[in-house]
Amino acid sequence: MRTSKKLAIGHQKTCGCPANHLNCLTAKDWIKSQIGVWRTELDDKEFQRVFEFFYESRDVRDKQIHPAVFPVNLAKKIIGLFTHEGELVVDPFLGIGTSLVAARDLRRNAVGFDINQRYLDFIRGRLQQVPPSEGSEQLPILDDARSIDQYIEPGTIKLAFTSPPYANLLNRPRLNKSRRVRENEQYLKVEQYSQDPRDLGTLEVEEYAGEMKEIYRKILPLMKPKGHSVINVPDVWTNKVPGGRRVPVHIYVYHAMVEAGFELRNTMIWDRNNIVNRIGIFGWPSNFITMGTTFEYLLDFWRPPD
């Protein structure tokens, strides 16, 4: 559904924090967040004291549902770091709605956009399992990220957080060369979000970067000054050329964001080494290639001060 009517959703902080504070964190939690490598572990109370965030039972890890998922606790860490209660979070590529679940947990207003009706149906089911967050709303919208400016008032977004498509680099059958058990349920599956021509996951990486630039050029004036935009993205190995090559998706995203008017503030590494299972010997014995699946980038940009 497309509409030119702006959403009536809150965007002002409702907590009692001082006006010059970035978030509601204590000094102790702030220090923990300054570590540039963020690690995950499975849902284990023994590890929750050590690792920055973890997977829990309500996380969705089934690639049949969505090919690229992240834990609720990652979204909560990002949202908690860059917003106050009541402020507005926007996810331009909502997927299965993890950012909305995290926003509801933290009493943040949030809006997410996706073009896939199946994902929106799944999101609504997820949100029904989370207790309502008094004083805030979390809204999934079935529409293209290119239309965000039709819904959001200028100068209201405090945080844009998303994991976007990885260009067309997932749009191929998986060979599972890096796995010990190669012919598992993912073998020869095309792990792509959709084949909709509007989907950035159908584009070559150069065209993908151009579309990201235009989308975030529209988002920029919707941000509050010094509002942050965090993008979770990996680099991807492709076999579309002989011998294969690594595509530095994070570099394409960086240039797209800077050209859209954002400024890079921080780079965090999401260390996934403890949750990647059954890694095989990739490239042995003659071609050394690191396992890109064991980490992803969290690129933190902001709208520069006026």
*Consider Glu214 carefully, then state whether it is in contact (Cβ under 8 Å) with a residue 60 or more places away in the chain, out of contact with any helix residue (DSSP H, G or I) (no Cβ under 6 Å at 6 or more places or on another chain) and charged (D, E, K, R).*
yes
*Among residues belonging to the range 210-267 that are among the small types (Gly, Ala, Ser) and farther than 15 Å from Phe161 by Cα, point out the one that is modelled with the lowest pLDDT.*
Gly243
*Considering the range 212-249 alone, what residues qualify as being over 27 Å from Pro71 (Cβ atoms), outside any strand (DSSP E or B) and not aliphatic (A, V, I, L, M)?*
Lys213, Glu214, Arg217, Lys218, Pro221, Asn239, Lys240, Pro242, Gly243, Gly244
*How many of the residues in the range 145-175 are at pLDDT 95 or above, assigned to a loop (DSSP other than H, G, I, E, B) and not β-branched (Val, Ile, Thr)?*
4
*Here are some residues: Phe70, Phe53. Which one is of a type outside the set (Ser, Thr, Tyr) and more than 23 Å from Phe262 (Cβ to Cβ)?*
Phe53
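Every residue, every condition in (1) farther than 18 Å from Gln138 by Cβ; (2) among the basic types (Lys, Arg); (3) at pLDDT 95 or above, yes or no:
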residue	(1), (2), (3)
Ile9	no, no, yes
Glu41	yes, no, no
Glu46	yes, no, no
Phe54	yes, no, no
Gln64	yes, no, no
Ala68	yes, no, no
Ile78	no, no, yes
Asp91	no, no, yes
Arg108	no, yes, yes
*asked:* Quick check on this structure: which one of Ile115, Ile96, Ile152 is closer than 25 Å to Lys213 by Cα, touching a Phe, Trp or Tyr at 6+ places or on another chain (Cβ under 8 Å) and not basic (Lys, Arg)?
replied: Ile96
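Residue-wise test of (1) closer than 18 Å to Leu74 by Cα; (2) without any contact (Cβ under 8 Å) to a residue 60 or more places away in the chain; (3) crowded, with 22+ Cβ neighbours inside 10 Å.
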site	(1), (2), (3)
Leu106	yes, yes, no
Asn109	yes, no, yes
Gly112	yes, yes, yes
Ser133	no, yes, no
Leu139	no, no, no
Asp149	no, no, no
Glu153	no, no, no
Lys158	yes, no, yes
Ser163	yes, no, yes
_Which condition from (1) more than 20 Å from the chain's Cα centre (by Cα); (2) buried (at least 20 other Cβ atoms within 10 Å of the Cβ) is the one that Tyr119 breaks?_
(1)
_From the options Pro234, Pro221, Pro225, Pro242, residue that is surrounded by fewer than 17 Cβ atoms within 10 Å (Cβ to Cβ) and under 30 Å from Phe282 (Cα atoms)_ = Pro242
*Checking Arg104 against (1) part of a helix (DSSP H, G or I); (2) modelled with pLDDT under 90, which single condition isn't satisfied?*
(2)
*Would you point out the residue of the range 77-86, among those that are touching a helix residue (DSSP H, G or I) at 6+ places or on another chain (Cβ under 9 Å) and not in a helix (DSSP H, G or I), that is farthest from Ala160 (Cα to Cα)?*
Glu85
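The values are calculated or read from the model by the stated rules, or taken from the named source; none is laboratory data. Keep in mind the model is a prediction, meaning the values are calculated, not measured. Ideal geometry is used to build each Cβ from the backbone, glycine not excepted, and the neighbour counts take in all protein chains shown.
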